[in-house]
Every structure is written in structure tokens, then in C-alpha cells.
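Everything on this sheet refers to the single structure shown next.
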Amino acid sequence: MKKVTFYSYPKCSTCRKASKWLDQNNIKYQLIDIVKETPSKKFLELALIQFSLDIKKIFNTRGKNFKSININLHDLPKEKIVEILSNDGKLIKRPFLVINESKLILGFNESEYTANFK
């Protein structure tokens, strides 16, 4: 059985769609409020590796918190990006789903969820 950690924001409609999909498919998961408890540095570093070709995919670029920081992500060292994300869960693309502590799915795409759980 897969160990699933689901970082979510209760007011996020995409997060609600993703959790509904997980529930309908009888997938057990640990639910964590991403604003109250950001993903561990280990998971954020994993995100940087997995999305190294487009680091912006890790960020919630449509949120006002991201728009207010006004930084060039490509000029920052990885440690600084992890620090920025650790300090503000609203900057992180959500939902932030961790499978077996080694694979991440950011956002909700039903076909991607299906491919990883069926």
C-alpha cells in the first residue's frame, strides 16, 4: 500500500477536487494544512529535483503572496528557494501530494492521479 501525504489548503477548490478524487478511489492519506504546516525541507528539495526544468511549477504563481514577493527564481540558490517556501505555505503549488516519500504530484490532474494510483 502506498503512503500518501496530502498537503492541502481548505479554501482551495482544486484541493477539494483532489481530496474528493482520493476519497472516491478509496485512497488513504494523511491530510495536512499546507498553511499551518509546510512540507518538510526534504519534500521541498525533492520538488526542486523533480521540477528542476521549471522551478516555477513548485510555486502557486496565481496567488497574491507570489505576486507580492517579486523575485527572479532562476537567480536564487536552491537553499533560498526552500527557505522561502518553508516560510509561507501559500507560495507552494497545491495540492502538494507526496507518494511513498519519493514522488510528488503538484496541483490536481485527474489523469496523473489515475496513473499513479491505479
(message) Looking at region 9-35 only, could you name the residues that are surrounded by 13 or more Cβ atoms within 10 Å (Cβ to Cβ) and hydroxyl-bearing (Ser, Thr, Tyr)?
(response) 9, 14, 19, 29
(message) Could you check region 36-52 and list, in sequence order, the residues that are more than 13 Å from residue 78 (Cα to Cα) and either surrounded by fewer than 13 Cβ atoms within 10 Å (Cβ to Cβ) or among the β-branched types (Val, Ile, Thr) (or both)?
(response) 36, 37, 38
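Each row is one residue, and each column tells you yes or no for (1) modelled with pLDDT of 95 or more; (2) closer than 27 Å to residue 114 by Cβ.
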residue: 6; (1), (2): yes, yes
residue: 15; (1), (2): yes, yes
residue: 33; (1), (2): yes, yes
residue: 61; (1), (2): no, yes
residue: 75; (1), (2): no, no
(message) For region 29-56, give me each residue that is closer than 18 Å to residue 100 by Cα, out of contact with any strand residue (DSSP E or B) (no Cβ under 7 Å at 6 or more places or on another chain) and not acidic (Asp, Glu).
(response) 40, 41, 42, 44, 48, 49, 51
(request) Working carefully through the options 52, 68, 40, find the one that is over 16 Å from the mean Cα position of the chain (by Cα) and of a type in the set (Ser, Thr, Tyr). (result) 68
(message) Considering only residues that are touching a strand residue (DSSP E or B) at 6+ places or on another chain (Cβ under 7 Å) and basic (Lys, Arg), which ones fall in region 65-118?
(response) 93, 94
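Of all residues being without any contact (Cβ under 8 Å) to a residue 60 or more places away in the chain and among the acidic types (Asp, Glu) in region 51-110, which is farthest from residue 17 (Cα to Cα)? Just the residue, please.
In this case the residue turns out to be 75.
The values are calculated or read from the model by the stated rules, or taken from the named source; none is laboratory data. Keep in mind that what you see is a predicted model, and the values were worked out from it rather than measured. Backbone-built Cβ (ideal geometry, glycine too); neighbour counts: all protein chains shown.
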